[in-house]
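What follows draws every value from the coordinates through simple rules; no lab data is involved. Predicted model only: the values in this text are computed from it and were never measured.
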Amino acid sequence: MLSSAAAADAATKMAGRLATFLKDAWAKEPVLVASFTIGGLAIILPALSPFTKYAAMINQVTPYNYPVPVRDDGNMPDVPSHPQDPQGPSLEWLKNL
């Protein structure tokens, strides 16, 4: 088992090797380094965005099936009387942001 000093020394050496690799890669192939950096950020940043949270909340309360207007004969309790009748979870929290 490594002691804490040895572990810190190993981490420092690894960081030094990584820095050297990135410097050499940037010197030889800057386009590849830039494209991998942009690609990595494109994968990571949406998960860190606050908009992802609100998009998920909106998607959860948006109905998948919308009511279809049909002629009501008075014997259909599960069909709304008007297509714009409020049903399901409220979106008031979205208006109050």
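Check cross-link reach from LYS23 to the lysines: straight Cα distance under 25 Å, and skip same-chain residues fewer than eight apart. The reachable lysines, counting only those whose Cα sits under 25 Å from LYS23, are LYS13. For ILE58 and ALA25, the difference between the fully extended length at 0.36 nm per residue and the C-alpha to C-alpha distance is 7.6 nm.
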